[in-house]
1. With 20 Å bins from zero, work out the P(r) of the chain over every alpha carbon pair and list the percent per bin.
2. Kindly provide the pair-distance distribution of region 264-368 built from C-alpha pairs, with 5 Å bins from 0 and whole-percent values in order of increasing distance.
3. What is the Rg over Rh value, at two decimals, for region 3-64, using alpha-carbon atoms and the Kirkwood definition of Rh?
4. Extent of region 173-255 along each principal axis, from alpha carbon coordinates, in Å, largest to smallest?
5. Take the chain, mark every one of the GluC sites (Glu not before Pro) that falls in a DSSP loop and has at most 12 other Cβ within 10 Å, then report the longest stretch left between them, sites excluded.
6. Among rounded, prolate and oblate, which fits region 44-125 when a ≥ b ≥ c are the square roots of the eigenvalues of its C-alpha gyration tensor, a/c under 1.5 means rounded, and a/b larger than b/c means prolate?
7. When the distances between all Cα atoms of region 189-233 are binned every 5 Å from zero, what whole-number percent does each bin get?
8. Over the alpha-carbon set of region 261-310, work out the extent along each principal axis and list the three values in angstrom, largest first.
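Each reported figure results from applying straightforward, stated rules to the coordinates on display, with no laboratory input. Worth saying up front: this structure is predicted, and the values here are computed from it rather than measured. A quick note on method: Cβ atoms are made from the backbone with ideal geometry, for glycine too, and the neighbour counts reach across all protein chains shown.
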Amino acid sequence: METAKLSLQGKDYELPVIVGSEGEVGIDVTKLRGSSGAITVDPGYGNTGSCLSSITFINGEKGILQYRGYPIEEIANKLRFVEVCYLLIYGHLPNNLELEDFHHKLTHHSLIHEDMKKFFEGIPPEAHPMAVLSAMFSSLSAYYPDTGNGEDVDLNIIRLLAKAKTIAAFSYKKSIGQPYVYPRNDLSYPGDFLHMMYAVPAEPYLVSDVLEKALNMLLILHADHEQNCSTSTVRMVGSSQANVFASMAAGVAALWGPLHGGANQQVISMLQKIHDDGGDYKKYVAMAKDKNSDFRLMGFGHRVYKNFDPRAQILKKQSDKVLTELGITDPMLDIAKNLEQVALEDDYFVERKLYPNVDFYSGILYRAMGIPTQMFTVMFALGRLPGWISQWKEMRSDPKGRIYRPRQIYTGETKRPVVPLEKR
Ligand code: ACO
C-alpha cells in the first residue's frame, strides 16, 4: 500500500494513502494525532475529505459531475426527478416495478397532517419561505417520531420527500393569502408542485409541459453535490444520531445563506439592480474587482469548479429554450449573458478561475416560470433533498461512523487566574 511520509519535529511518520474509484488521492490522518500529538488545520475544509462516499463524483478542474457514476448531462436529459431520487437514495436506477412502487409511495404520503396547517396560520405572510421550510421539516419529527427502528427511518425518508413539495407550496400560498391546494396523485413530482403553487379553486389548472420539463431538470441539477456546506451540515447533525427530519431542517438552514443556495435569489436582485441602474454591467464587474468594495458578482465562483460548472452550462441552454418556448423576453437574461461575457474575459476572474455557477442561470429560469424570487432557494432545497437524504443514509449506515467532532488550534489567552471584581 502506498503511504505518505511526514517529518515533524525531528520524527518521521508514515500515513496511509486512500485512492478513490476515480483516482482521487487522500492522505489518511485519522491516527496522526495519536502518534504525533499533531492535528491538521484546514479552515473552511477546502482540503479536507470528511468521509468516503459512493454517491457523487466531482472533478472541478474538468467540470465533471456524476451521480452514482452517471454523467449529469445524461441524467438531466434522460431521467425523471423521482428516478434520480431513487438512484441517489438506493444506489441504482429503478426498474419499472421499483419506480411504480416508489412513485406510488411518494404520492400517497404527500398530504401533511391537517393540524400542521395551524402552524402556517401563525406565520406572518412576509416570512421567508426558507424559515417556514426549515421549521416544518423539524415539526414533522413531532408527527413521525423515530423510534430507532430501521423501518421507521425508511418510511420517514419517503414521508419527507413526499411532503416537502406540499410544505413548500403551502408556504407560498400562505404568503399570498390564497387557499392551500392539496396534492394530486395523478401528477408527476414537479407537475404536482406546480399545481399546488398555481391552481386556484375558481378554475381548472392544466400543468404546462414546458414548465414541468424545466422544473424536472432544475430539480435534477440540484439533486446532489457531494460535501458542500448544507450536505456537510446534514451529515454533521445526523452524526449525533439526530433524526432525519431534524437533520434536513439543519440542511435547509445552511442552504439559505447567500454564499450557498441563497445566491440564486441574490443573482436576480443583482441583475435587477443593474437593470434599474441603466444596465451598465461593466460598472458592476469593476465593483466586484474593487478590493475596497465588498460587492461580489453573485452566481460567480465555486469552491470546487475551477473551469466551468457543468450545471450552469446546461441551464444557460435551457434558459434560452424555455424563454423562447414561453414567448418571454427577459432583459435580465441579456444582462446575465453580457455580465458573463465580460467577466470571462477579465484577468481578475480568469486568474481566480471564477465562472458562473448553477445559481447564475437558475434564477432566470425560475423567474420565467413565475416562481417568486423569495421561493428560489426553496426550489433549490426541494431539489437537494434527495442528495441530503442519501448522504445522511450513507453516513448512518457506515458501521465505522463516528460523531463529527473536528479539533482546533487554540489561539486565546493561556491559563490565568480570575481577578476579583473590585480589582479589575
Ligand atoms: N465576485 C468577485 N470576486 C470573487 C467572487 C465573486 N463572486 N468569488 C470569489 N471572488 C474572489 C475573492 O475575493 C478572492 O479574491 P482574492 O484571492 O483576491 O482575495 C478569490 O476570488 C477566492 O475567493 P474565496 O472567497 O476565497 O473562494 P471560496 O472558495 O471560499 O468561495 C464562493 C466560493 C463562496 C462560491 C465565492 O466564489 C462566492 O462568494 N461567490 C458568490 C456567491 C455564490 O454565487 N454562491 C453560490 C455558490 S454555488 C452553490 O452554493 C450552489
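1. Each 20 Å bin holds this share of Cα pairs: 24, 53, 21, 2.
2. Computed distribution, short to long bins: 2, 13, 24, 26, 20, 9, 4, 1, 0.
3. 1.02
4. Result, largest extent first: 48, 27, 22 Å.
5. Numbers: sites that count: E2, E22, E24, E61, E114, E126, E413.
Segment 127-412 is the longest.
6. oblate
7. Distribution as computed: 5, 20, 20, 15, 12, 12, 8, 4, 3 percent.
8. 33, 24, 17
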